[in-house]
Structure formats: C-alpha cells, structure tokens
Amino acid sequence: MLSLRIATRFLRTGRGQSLLIIAGIAVGIAVQIFVGTLIMSLQATLLETTIGNASHVTLQNVDEKKPIRYSPALQRGLASDRRVRLIVPDRVLSVIFSKGTDSAPISVVGALPRDINAIYKMEKHLVAGRMVSDPQDVILGKSFATKYRLSVGDPVLVVLPGGSQQKLKLVGLFDVGTSAVNDRIGFTTPVFPRQALGLGPDEYTDIQTQLTDPFASTRVIADWATLEAFSGVKYKDWQVESSQLLVGLQGQSSSSYMIQVFVLVAVALGIASTLAISAVQKTRQIGILKAMGMTDATAGAVFLWEAGILGVFGTGLGFVFGLGLLRLFALGPITFTIVLDPAFVGGSCAIGIVVSLLSAIIPSRQTSRIDPIEVIQGG
Amino acid sequence: MADDLLVAEGLSKVYFDVIPTPALTDVSFSLASGEFASVIGRSGSGKSTLLNLVGLLDTPTSGSLHLNGRDTAGLDRVARARMRNTFVGFVFQFHHLLPEFSVIENVCMPALIRGEAWNAELRQRARVTLDMLDLGEVAEKNANETSGGQRQRVAIARALMNRPQLVLADEPTGNLDTENSALVYELFRKVNLEWGTAFLIVTHDPTIAQQADRILEISDGRLQRDVAVPGVSAAADEQARS
Ligand SMILES: Nc1ncnc2c1ncn2[C@@H]1O[C@H](COP(=O)(O)OP(=O)(O)OP(=O)(O)O)[C@@H](O)[C@H]1O
Ligand SMILES: [Mg+2]
C-alpha cells in the first residue's frame with residue numbers, strides 16, 4: 001500500500017506537527033469520554049436513589065377511600081406481563097408514634113418480609129436486629145430510633161386513626177439513605193395493618209410494581225388500562241410524580257450533548273486545518289509522484305491515511321486520558337459512583353476516528369487535484 | 001513508421017495566460033526505438049513544452065501524439081498516469097527528489113507506484129541501477145544529504161527503474177560541472193546501448209548535443225532543424241567496449 005507508506009513517512013518527517021494533532025484529538029476525545037461518563041453516572045445515581053427503592057407504577061382503587069382487591073385475575077394480569085420485575089401488594093397505615101410526652105406521625109407499611117427486602121433491599125440496609133416475622137414486629141429507621149432513644153427489643157406504642165392504641169415490638173433498625181423513609185416509615189408484616197384497617201385477606205391499600213425498564217411505565221399503564229382484569233384500578237406513574245427531576249435530567253443531558261458536539265467540531269476543525277496546511281506543504285512531493293505516474297486516487301488516499309492514523313493514535317491516547325481523568329476524579333469526594341458505559345466509550349472512540357477521516361476530505365480532494373505540470377514547471 | 005516509439009504530428013501548445021502565448025507550433029517528428037536524440041534551442045524556444053507534451057505531463061492545444069502506436073488523445077487520466085509510469089522515464093531539469101525518503105526509496109518509487117512490493121528483490125534491482133551510476137555508497141542516505149551531482153544521478157536511476165522504452169531528460173546536466181556532465185552523457189549512452197532505450201535530451205551543452213545520433217533544433221516554438229549526426233553511434237560503441 002504505497003499511499004499508506006507515504007502517509008506514515010510524511011507523518012514521521014513532520015513529527016512535531018503530527019504529535020500536535022494527536023494531542024489535539026486526544027484532548028477532545030478525553031473530554032468527550034470524561035464529561036459524557038460523568039453526566040451519565042451522575043444521572044444513573046440520581047435515578048437509582050429516586051426509583052431504585054421505590055414503586056415505578058403503583059396500583060390503587062379508583063375510589064381512594066377503598067382498598068384495592070388483589071383478585072386472581074389481577075394477579076395473573078400482573079404476573080404474565082414480562083415487563084414487570086417485582087410486585088409488592090402492601091397495606092399502609094398512618095399512625096401516631098407516642099413515647100412519654102413525645103409523639104410523631106409515621107406510616108406503617110405492611111408487606112411480606114420477602115417483598116420488603118426486594119423493594120427496599122432491607123437485608124442490605126438493616127443495621128441492627130432482624131427482619132420482621134411476627135405480627136407485632138416492627139422495624140424503624142436508625143435515625144428515628146436515635147431521636148426517640150429506642151433500641152432493639154423496646155416496645156413501640158402507636159395510636160391508630162380510630163384513637164385506640166397498639167403496642168408493637170421494635171425488632172430491627174435500618175438506614176436506606178433517604179430521610180423520607182428513615183424518619184417516617186416503619187415496616188411490619190401485612191397482618192397488623194390488615195386488622196387495624198379491617199381489610200379482607202385479598203385487600204390492600206396499594207400494589208407497588210417495579211419494571212425492568214422504568215421509562216416504560218407510561219406505556220405499561222396505557223396497556224393495562226385496556227385490560228378487563230385491571231378495571232377499577234387507578235395508577236401512579238413515577239415519571240409523573242418525578243417529572244421535575246426528569247426535566248432536570250433532560251436539561252443536563254442536552255448540555256452534555258452540546259459540550260460533546262462542540263468539542264468534536266473543534267477537533268475536526270483542528271485536524272482539517274492542520275492537514276490542509278500539510279497538504280499545501282506537500283504539493284511539490286505529490287506533484288513529483290504524479291509526474292511519475294501516481295494516480296489522483298492514490299495521491300488523495302495519502303491524506304486519508306494520515307487522518308486515519310492520527311485519528312487512531314489520538315483517539316487511543318484520548319481513551320487513556322479520559323479513563324485516567326475519571327479515575328483521578330473518583331479519588332475525590334464524590335457522592336455518586338462512576339460507571340463506564342462500554343457502548344458510550346466505544347462510540348466516542350468510533351466517532352473520534354470517523355471525525356478525523358471526515359476532516360481529511362478537503363485536504364484529500366486538494367491533493368487529488370494537484371496537476372504535476374505546475375510543480376514540474378515551477379522548478 | 002509502424003514500429004516508431006513516438007510519432008508527433010502538428011503538435012502545438014498555446015498557453016492562455018494574460019494573452020495567448022504560442023509555446024510550440026506545428027511540430028512533427030518521430031522517434032524510433034533505441035534512438036538517441038538531443039533537443040536544442042534558445043531559452044524560451046519551447047523545449048520543455050515539447051518534452052512535457054511528449055511525456056504526457058501536459059496536453060497539446062492541437063495536433064496528435066502517438067506513443068508506442070497508441071493515440072494519446074483517447075487516454076484518460078489514469079491511463080496517462082500509467083503510461084508516465086511504465087513507458088517513459090523522466091529526468092527533470094531540477095532533480096525533484098523526495099526529501100522525506102532515502103536515495104534507494106526514491107529510486108524504487110516508480111516501481112512502487114507501478115504496484116510492486118517493497119521487498120529484497122526490488123531493492124536488489126535498485127542496487128544494480130545505483131551501482132551502475134556509482135551511487136552504491138549513498139543508497140541508504142537521505143535524498144537531501146547528497147551532493148548536486150549525486151542527486152542528478154539518483155534522478156537518472158529513478159527514471160530508469162521501470163526500464164522505460166523512452167527516457168526524456170530536460171537539461172539533465174544544467175546544474176553540473178563539465179566532469180559530471182560527461183559522466184551523465186556516458187551513462188545515457190551505456191543504457192541506450194545496453195538496453196536499447198530511446199533518449200530525447202534537452203540540452204544547452206553543445207558537446208552533448210553533438211554526441212547524439214540526431215539533433216532537433218527548436219526556434220520560436222517551431223522545429224527548425226532535424227538532422228542526423230553521422231558516425232557518433234559507432235564511436236560511442238567503441239567507447240563503451242573499451
Ligand atoms: N505555464 C505557462 N504559461 C504561460 N506561458 C508559458 C508557460 N510555460 C511556458 N510558457 C512560455 O512558453 C514558451 C516556451 O517555454 P519553455 O519552457 O518550453 O521554453 P524552454 O525552451 O524550455 O526554455 P529554457 O531553455 O529556458 O528552459 C516561453 O515563452 C514561456 O514563457
Ligand atoms: Mg526548459
């Protein structure tokens with residue numbers, strides 16, 4: 001491949017220039033990988049804290065005062081939808097916690113221990129004691145317990161909506177990371193709230209579900225609304241509840257794309273102008289080669305090769321820089337985990353090489369148009 | 001006529017700059033295989049123009065040119081490039097070596113352009129040509145680390161690399177001293193006799209012009225004189241043998 005041979009020689013003899021372009025591409029690709037990954041990781045963490053431990057689609061009775069019936073038809077309807085990852089029927093009861101002169105409103109969520117574990121990852125977040133198993137068992141947030149000087153084994157007195165009192169037993173403390181849960185929610189088995197609310201065995205206050213793809217929630221709800229088994233059901237869509245957050249994430253993504261596009265444009269302009277200068281500098285050589293019979297296509301290919309080589313080396317170096325930057329950044333005090341998306345990193349590298357090749361189009365055309373006679377006559 | 005290497009008929013070239021400049025007017029001649037001809041004429045008379053037309057670097061305004069029996073008017077850019085590569089060898093007035101490459105790489109360039117691989121066999125062939133031109137010890141040097149005389153000889157080696165049937169040389173000795181000029185002439189003669197290569201040499205040097213088999217004189221763009229020089233070939237033959 002003569003054009004490749006000539007390209008590498010031109011690059012090697014103009015070493016300073018070549019290294020400069022490589023550095024330019026590397027910085028561009030590094031910024032692209034760094035900024036893109038950072039924003040994506042930040043968003044993933046935000047999303048995870050928002051909906052990781054929460055219901056994506058919550059089913060309730062259309063009549064808010066009535067419980068929802070978890071009928072066999074509804075059970076089948078939910079279980080047969082493969083987009084659903086988790087189904088947690090629960091009973092939520094608002095009570096007033098009371099100890100001496102202190103009191104605080106809390107929600108008691110009653111569900112099967114297995115389900116509580118699945119949605120709130122309680123096994124991981126339990127910091128003392130054990131999970132609920134008996135009807136009187138309750139677990140509370142560690143911060144709540146500290147505030148009211150409660151420890152595992154203590155009795156927990158709660159006042160029910162009707163005014164009657166109930167004594168529960170604190171068997172464990174958790175810390176799920178969000179104060180909305182830690183300070184305001186207690187978990188029990190489904191038995192106690194069922195008795196307190198006077199519900200039937202298949203009646204719940206709501207049915208929480210998690211989906212494999214949280215962003216499919218709206219679509220899933222639309223599908224369910226058409227089914228007989230789901231009649232009389234009202235839905236709460238996390239995307240609607242968290243629309244503020246989603247708008248924020250959208251804005252973040254757009255500005256991240258803007259930065260990435262501008263960086264790539266800057267890289268492309270840099271390569272294009274340097275290659276164009278280099279093409280002018282090599283006019284004499286290309287003219288001589290053409291006088292000796294090199295075709296226009298081969299001459300044009302010289303600069304495509306140059307761009308390709310610069311693109312590959314620059315992108316490779318940029319990849320290393322980018323990962324290095326991310327690693328350095330991860331050493332600092334950050335509140336989210338950096339997750340590399342191989343598709344994004346691979347895509348960024350591919351874009352780097354493609355942009356390099358595209359920016360060679362003009363110099364390459366310039367080169368293929370050189371007429372040998374002008375060079376030969378020019379002396 | 002049939003086995004003529006080159007047949008030019010009514011070849012004319014007008015440059016359209018600010019005003020039309022006729023550089024070559026109605027030149028007709030033919031060159032047989034193995035012929036050794038020189039082209040003379042005053043500066044600006046059109047010698048380089050003629051050579052560039054014959055070497056397919058430039059296109060005539062009118063007239064026809066047949067190379068190796070083929071009408072060059074019908075050739076596209078790629079075919080012209082191939083013809084420049086394999087049929088003719090060009091020695092330019094300015095050596096025009098590629099400064100990024102070594103001497104041997106420069107010499108191999110026409111073969112690489114033809115599509116040959118950069119291998120030992122090719123380098124060996126280049127070495128033979130370089131040795132013949134007494135350039136053996138500068139083969140691996142960079143092209144611009146050699147002397148003016150050496151560069152001109154490298155350019156000659158390069159022109160001969162694809163064993164062309166026709167060598168076009170535009171003042172190949174223009175920048176050389178008498179000794180080097182004589183050397184270049186001897187080389188051309190040697191190649192002419194050993195390989196049967198035809199030569200068309202533009203020169204200002206009367207000694208070289210006189211040593212050709214035939215002299216073409218251009219004046220104001222016209223072919224003024226086309227004469228055979230008797231007996232030179234035989235003398236050169238003897239010289240080569242001794
Ligand atoms: N590209 C061009 N544009 C306009 N005129 C040109 C061009 N090239 C050559 N000429 C003119 O054509 C004429 C012939 O030029 P050419 O280079 O063939 O002369 P030459 O015989 O080779 O001269 P020299 O011995 O000085 O090299 C000159 O008058 C020159 O000015
Ligand atoms: Mg000239």
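The values are calculated or read from the model by the stated rules, or taken from the named source; none is laboratory data. Keep in mind the model is a prediction, meaning the values are calculated, not measured. Neighbour counts run over all protein chains shown; Cβ positions are idealised from the backbone, glycine included. Surface accessibility is based on the protein's heavy atoms, side chains included, excluding ligands, DNA and RNA. Shrake-Rupley method; radii C 1.70, N 1.55, O 1.52, S 1.80 Å.
Below, the figures for the structure above:
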| read-out | value |
| --- | --- |
| Total residues in segment B:21-38, condition within 16 Å of ligand 1 (Cβ to nearest atom), open to solvent by 10 Å² or more (accessible area, probe 1.4 Å), polar (S, T, N, Q) and more than 14 Å from chain A (Cβ to nearest Cβ) | 1 |
| Residue in segment A:325-337 that is assigned by TED's automatic domain parsing to the domain that holds A:Leu42, among the β-branched types (Val, Ile, Thr) and in contact (Cβ under 8 Å) with a residue 60 or more places away in the chain present | yes |
| Elements of type strands (runs of 3 or more DSSP E) in segment A:176-265, at least 3 residues being under 30 Å from A:Ser348 (Cβ atoms) | none |
| Residues located in segment B:54-70, provided they are hydrophobic (A, V, I, L, M, F, W, C) and within 10 Å of another protein chain (Cβ to nearest Cβ) | B:Leu56, B:Leu57 |
| Residue that is open to solvent by less than 20 Å² (accessible area, probe 1.4 Å), closer than 24 Å to B:Glu171 by Cβ and within 16 Å of ligand 2 (Cβ to nearest atom), where the choices are B:Leu5, B:Leu50 | B:Leu50 |
| In segment A:104-116, the residues that are open to solvent by 30 Å² or more (accessible area, probe 1.4 Å) and without any contact (Cβ under 8 Å) to a residue 40 or more places away in the chain | A:Arg114 |
| Exclusive hit being within 16 Å of ligand 1 (Cβ to nearest atom), in contact (Cβ under 8 Å) with a residue 40 or more places away in the chain, crowded, with 20+ Cβ neighbours inside 10 Å and among the small types (Gly, Ala, Ser), set B:Ala169, B:Ala157 | B:Ala169 |
| Among (1) under 16 Å from B:Phe87 (Cα atoms); (2) in a strand (DSSP E or B), the one test that B:Val27 misses | (1) |
| Residue in segment A:297-310 that is more than 14 Å from chain B (Cβ to nearest Cβ), in a helix (DSSP H, G or I), free of Cβ contacts under 8 Å to residues at least 40 places away in the same chain and open to solvent by 40 Å² or more (accessible area, probe 1.4 Å) present | no |
| Residues of segment B:131-151 satisfying the condition of being buried (at least 20 other Cβ atoms within 10 Å of the Cβ) and touching a Pro at 6+ places or on another chain (Cβ under 6 Å) | B:Ala143 |
| Any chance B:Arg77 is farther than 26 Å from B:Leu193 by Cβ and at the interface with another protein chain (Cβ under 9 Å from one of its Cβ atoms) | yes |
| Segment B:39-59, subset of a type in the set (S, T, N, Q) and either modelled with pLDDT of 95 or more or near ligand 1 (Cβ under 8 Å from one of its atoms) (or both), residue farthest from B:Gly69 (Cα to Cα) | B:Ser43 |
| Only one of B:Gly44, B:Gly10 that is under 20 Å from the mean Cα position of the chain (by Cα) and surrounded by fewer than 22 Cβ atoms within 10 Å (Cβ to Cβ) | B:Gly44 |
